[in-house]
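Colleague: Input: one structure, supplied below.
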Amino acid sequence: MVALAFASLAWPATARAQEAPNPLPHFEHRDGRHALIVDGAPFLILAGQTNNSSAWPSALPGVWSAVERLGANTLEVPVYWEQFEPDPGHYDTTLVDALVRQAREHRVRLVLLWFGTWKNGSSHYEPLWVKANPELSPKIVGRNGMRVDSPSPHSAAALAADSKAFAALMRHLKASDSPHTVILVQVENEPGAWNSIRDYSPAADALFRQPVPADLLAALGLGAKGGGDWRKVFGQDADEFFHAWSVARFVGQVAAAGKAEYALPMYANAALRDPISPGPAGTYESGGPTDNVLAIWKAAAPALDALAPDIYQRDSARYRRVLELYARPDNPLLVPENGGSPFYAGMFFAALGKGAVGWAPFGIDRGPDGYVPITGRKTDEDPLSGFALNYRMVGPIMREVARANFEGRLKAVAEEPGEHAQAMEFGAWKAVVTYGVPAFGNGAEPKGSPDNTGRALVAGIGENEFLVTGHDCRVDFQPSGAGAQREYLRVEEGSYVNGSFRPIRIWNGDQTDYGLNFGSVPVALRVRLGTY
Ligand code: DGJ
C-alpha cells in the first residue's frame, strides 16, 4: 500500500492536468545546506541510470520495466550528440521527445546526460562530421608526442560546436517541456583524460607557459603571492591543475550556453581518484572534478550547480570519505552513479545522512525480465531488489525527507560490519539504532544484521515528533533530560498523500514496547514521543 502511493507523488497535479507551467527547478542554499526545488518544494531524486546505449526506442521498454521495479521517481538517461546533430545545424529531437513523452506516461522525472565532447575521458559521442574533422576537435597529445584518445579542451571550434548543439537541446526543452519533466542536466560525462595528465601539444604548451589566470589565483586565495606560470605557482601539480582548469572552463562554457537558453540546474560528474590513498596524477582520470581540484572547477565553471561523484568504491570507508569530500557548503551532494552490487544499496542511507539531494545506481536496465544489455548476463534474482527496497522505504515520505534535509532535521545511518549500534542526535532526543537484536524483549546484545545491510532514517517533523523508517534494525529514542524516560504516545504507520500523512494503522504493544523493529518490509512511521 505504501509503495503504491509513492509513484504518483513524484508528479505534480498540474503536470497531470497539463495546466500552467510550474516554477523552474532550481537549487536553493541555506546555512551550508542545499535543496533541489521541484514544483516549488524540496525534492529528493530517487533515480536509476540506464546503460549507455539504452536511450533508444528499441531499448526503452526494458528501461521502463527497470524504473518500475526500482520504484524510482527519476530516470537518468543520455542524450547523444552524434544522434542529436547528425549534420551540422540539423537537430534530430525524436529521441529526446520520446524520452520526455514516455517519462510523463510513466510519471517520472528525467535527468538528461549530455554525452557531448567528453564521455569517460574520450570523445566517442561526437557526431561523425566532427570526428571526420580532427582540425575541429583535435585529440590531445601525450608527453611522448603520441595522440591520446581524449579531446583537447583548447579547441575554440570544438567549444563553439558543442555549445551550439547543447544550446539547441536546451532551447528545444524550453519550448517543449513546460511541465518540467526534465529537472536537471548533466553536462558531458566524466570529462578529463585517461592516459595523459594534460595536453602536451605545442599549442597547449604555449598556454601552459602563460601566467596562471588572475581570477583563478584570486579564487584559490593565491592572489597575494604574485602569480607566475603554472609550473611556478603549482609546482608538481601544475600539469594536472592546468588540465582541470582547461576542461572545467570548456564544460562551464557549454553549460552557460545551455543555461542562456533555458536555466535548468546543471552538474558535471567525476571519475574519482582513491579518496583515502590517491596515487600520483596519471593513475586516475585527469582534469575532471576529482576531489583535489574542486576549487579549480568552482572557479572555472560557475554555471555548474554541482560537482558530483560517480561512486564505484566498494568499501565503506572510501565511500564515506567521498561523501565527506563532495558534501560542501558550496556544493550540493549528488551521487548520479553508484555500482550495482548490494553493498551500494546500504550506502544510500550513508549518502542521505550527509545531505544527498539525489542518488542513483548505474545500469538499471538488466534482468531478470525485459532488456538485458549488450554484454549483460541474465540473472534469476532481480539485481535491483536492494535499491528498490530503499525507494519503497523513502519514496512515501520523499518530500518530507527532502525538506527535513534542507532544514537540518534529517539523520540517516547505514550499518558497518562490527558496529552494531549507532546514534543520531536531535537535541532533546537521541535516536539509537541497533542491528541484530530479537524483536521481543530488551537487554540483548546487538549482534549485527544477517548481511550487515541494516539502515535507518529519522526526520524531525515537529517538537517530539519524527518520521522513521529502516531495514533490519531497531530504532529507539532516549530523552536527553536527566531522569526522564521515553514514552511512545502515538506510533502510526502510513504515508504522505498530497502533503498530508495518511495513517493505515497504529503500532502499539509488542510493536513499540521494546523499540521500533524494522525487518525487510518497508514501512514509514510517524512517531510522537513523551516522557514520564
Ligand atoms: C562511468 C560512466 O560515467 C558511465 O557512463 C559508465 O560508463 C560506467 N562508468 C560504467 O561502469
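The values are calculated or read from the model by the stated rules, or taken from the named source; none is laboratory data. All figures in this text were calculated on a predicted structure; none of them were measured in a lab. Note that we place each Cβ from the backbone using ideal geometry, even for glycine, and neighbour counts take in every protein chain shown. For the accessible areas, the whole protein counts, side chains as well, though only heavy atoms, and no ligand, DNA or RNA atoms are used. Shrake-Rupley method; radii C 1.70, N 1.55, O 1.52, S 1.80 Å.
Colleague: Just to be sure, is Phe115 open to solvent by less than 10 Å² (accessible area, probe 1.4 Å), at pLDDT 95 or above and more than 16 Å from the ligand (Cβ to nearest atom)? Even if it seems obvious, please write down each step before you answer.
Modeller: Values: open to solvent by less than 10 Å² (accessible area, probe 1.4 Å): yes; at pLDDT 95 or above: yes; more than 16 Å from the ligand (Cβ to nearest atom): no.
In short, no.
Colleague: Just for region 248-271: of the residues that are part of a loop (DSSP other than H, G, I, E, B) and either open to solvent by 50 Å² or more (accessible area, probe 1.4 Å) or in contact with a Phe, Trp or Tyr (Cβ under 7 Å, 6 or more places away or on another chain) (or both), which one is farthest from the ligand (Cβ to nearest atom)? Steps first, please.
Modeller: Going residue by residue through region 248-271, those that are part of a loop (DSSP other than H, G, I, E, B) are 262-265.
If we keep only those that are either open to solvent by 50 Å² or more (accessible area, probe 1.4 Å) or in contact with a Phe, Trp or Tyr (Cβ under 7 Å, 6 or more places away or on another chain) (or both) as well, we get 263, 265.
Numbers: Ala263: 25, Pro265: 19 Å.
The qualifying residue farthest from the ligand (Cβ to nearest atom) is Ala263.
Colleague: Is it true that Val233 is among the β-branched types (Val, Ile, Thr) and closer than 18 Å to Gly116 by Cα? Please lay out each step first, then the result.
Modeller: Details: among the β-branched types (Val, Ile, Thr): yes; closer than 18 Å to Gly116 by Cα: no.
Against the criterion (among the β-branched types (Val, Ile, Thr) and closer than 18 Å to Gly116 by Cα), Val233 does not qualify.
Colleague: Would you confirm whether or not region 78-101 contains a residue that is open to solvent by 30 Å² or more (accessible area, probe 1.4 Å) and within 16 Å of the ligand (Cβ to nearest atom)? Lay out the reasoning, then the answer.
Modeller: Residues of region 78-101 open to solvent by 30 Å² or more (accessible area, probe 1.4 Å): 82, 86-94, 97, 101.
Filter again for within 16 Å of the ligand (Cβ to nearest atom), leaving 82.
Checked region 78-101: at least one residue is open to solvent by 30 Å² or more (accessible area, probe 1.4 Å) and within 16 Å of the ligand (Cβ to nearest atom).
Colleague: Further question on the same structure: Being of a type in the set (D, E, K, R), more than 16 Å from the ligand (Cβ to nearest atom) and at negative phi is the filter here, so list the residues in region 26-77 that pass it.
Modeller: First, pick out the residues of region 26-77 that are of a type in the set (D, E, K, R): 28, 30-31, 33, 39, 68-69, 76.
Filter again for more than 16 Å from the ligand (Cβ to nearest atom), leaving 28, 30-31, 33, 39, 68-69.
Listed by number, the residues that qualify are Glu28, Arg30, Arg33, Glu68, Arg69.
Colleague: Tell me which residues, restricted to region 305-326, are open to solvent by 10 Å² or more (accessible area, probe 1.4 Å) and away from the ligand (no atom under 16 Å from the Cβ).
Modeller: Step one: list which residues in region 305-326 are open to solvent by 10 Å² or more (accessible area, probe 1.4 Å), which gives 305, 312-318, 320-321, 324-325.
Those that are open to solvent by 10 Å² or more (accessible area, probe 1.4 Å) and away from the ligand (no atom under 16 Å from the Cβ): Asp305, Asp315, Ser316, Ala317, Arg318, Arg320, Arg321, Glu324, Leu325.
Colleague: Further question on the same structure: May I ask you to say which residue of Ala224, Ala218, Ala203 is open to solvent by 50 Å² or more (accessible area, probe 1.4 Å), away from the ligand (no atom under 16 Å from the Cβ), in a helix (DSSP H, G or I) and at pLDDT below 95? Reasoning before the result, please.
Modeller: On the way: Ala218 fails: at pLDDT below 95; Ala203 fails: at pLDDT below 95.
When all the criteria are applied, what remains is Ala224.
Colleague: Only one of (1) away from the ligand (no atom under 16 Å from the Cβ); (2) surrounded by fewer than 16 Cβ atoms within 10 Å (Cβ to Cβ); (3) of a type outside the set (Ser, Thr, Tyr) fails for Asp149. Which number is that?
Modeller: Of (1) away from the ligand (no atom under 16 Å from the Cβ); (2) surrounded by fewer than 16 Cβ atoms within 10 Å (Cβ to Cβ); (3) of a type outside the set (Ser, Thr, Tyr), only one is false for Asp149: (1).
Colleague: Moving to a separate point now. Is it true that some residue in region 121-129 is away from the ligand (no atom under 16 Å from the Cβ), in the same structural domain as Val247 (by TED's automatic domain parsing) and surrounded by fewer than 16 Cβ atoms within 10 Å (Cβ to Cβ)?
Modeller: Within region 121-129 (the criterion being away from the ligand (no atom under 16 Å from the Cβ), in the same structural domain as Val247 (by TED's automatic domain parsing) and surrounded by fewer than 16 Cβ atoms within 10 Å (Cβ to Cβ)), the answer is yes, since at least one residue qualifies.
Colleague: Quickly run through region 327-346 and pick out the residues that are more than 11 Å from the chain's Cα centre (by Cα) and within 16 Å of the ligand (Cβ to nearest atom).
Modeller: Gly339, Gly340, Ser341, Phe343, Tyr344 - these are the residues of region 327-346 that are more than 11 Å from the chain's Cα centre (by Cα) and within 16 Å of the ligand (Cβ to nearest atom).
Colleague: Exactly one condition in (1) modelled with pLDDT of 95 or more; (2) in contact with a strand residue (DSSP E or B) (Cβ under 8 Å, 6 or more places away or on another chain); (3) open to solvent by less than 10 Å² (accessible area, probe 1.4 Å) is false for Ala10; which is it?
Modeller: Ala10 satisfies every listed condition except (1).
Colleague: Given the criteria in the same structural domain as Ala72 (by TED's automatic domain parsing), outside any loop (DSSP other than H, G, I, E, B), in contact with a Phe, Trp or Tyr (Cβ under 9 Å, 6 or more places away or on another chain) and not basic (Lys, Arg), does Trp118 qualify?
Modeller: Details: in the same structural domain as Ala72 (by TED's automatic domain parsing): yes; outside any loop (DSSP other than H, G, I, E, B): yes; in contact with a Phe, Trp or Tyr (Cβ under 9 Å, 6 or more places away or on another chain): yes; not basic (Lys, Arg): yes.
Considered against the rule, which asks whether it is in the same structural domain as Ala72 (by TED's automatic domain parsing), outside any loop (DSSP other than H, G, I, E, B), in contact with a Phe, Trp or Tyr (Cβ under 9 Å, 6 or more places away or on another chain) and not basic (Lys, Arg), Trp118 comes out as yes.
Colleague: Can I ask one more? When you go through Arg409, Arg392, Arg399 one by one, which is the residue that is of a type in the set (Lys, Arg), in contact with a helix residue (DSSP H, G or I) (Cβ under 6 Å, 6 or more places away or on another chain) and buried (at least 16 other Cβ atoms within 10 Å of the Cβ)?
Modeller: Working: Arg409 fails: in contact with a helix residue (DSSP H, G or I) (Cβ under 6 Å, 6 or more places away or on another chain); Arg399 fails: in contact with a helix residue (DSSP H, G or I) (Cβ under 6 Å, 6 or more places away or on another chain).
The match here is Arg392.
Colleague: Among the residues of region 330-352, write down those that are farther than 17 Å from Ala308 by Cα and of a type in the set (S, T, N, Q).
Modeller: Matches in region 330-352: Ser341 only.
Colleague: So, one more: Which number in (1) under 20 Å from the mean Cα position of the chain (by Cα); (2) open to solvent by 10 Å² or more (accessible area, probe 1.4 Å); (3) among the aliphatic types (A, V, I, L, M); (4) modelled with pLDDT of 95 or more marks the one condition that Leu70 misses?
Modeller: Only one criterion in (1) under 20 Å from the mean Cα position of the chain (by Cα); (2) open to solvent by 10 Å² or more (accessible area, probe 1.4 Å); (3) among the aliphatic types (A, V, I, L, M); (4) modelled with pLDDT of 95 or more is unmet by Leu70, namely (2).
Colleague: With the requirement that a residue be more than 18 Å from Phe387 (Cβ to Cβ), touching a residue at least 60 places away in the same chain (Cβ under 8 Å) and touching a Gly at 6+ places or on another chain (Cβ under 9 Å), what does region 454-482 give you?
Modeller: Scanning region 454-482 gives Asn464, Phe466, Leu467.
Colleague: Filter region 186-200 down to residues that are open to solvent by 10 Å² or more (accessible area, probe 1.4 Å) and either of a type in the set (A, V, I, L, M, F, W, C) or more than 31 Å from the chain's Cα centre (by Cα) (or both) and give me whichever is farthest from Trp118 (Cα to Cα).
Modeller: Tyr200
Colleague: How do the pairs read when you match residues in region 505-521 that are under 17 Å from Glu445 (Cα atoms) with residues anywhere that are of a type in the set (Ser, Thr, Tyr), using Cβ under 7 Å and keeping only pairs 6 or more apart or on different chains?
Modeller: none
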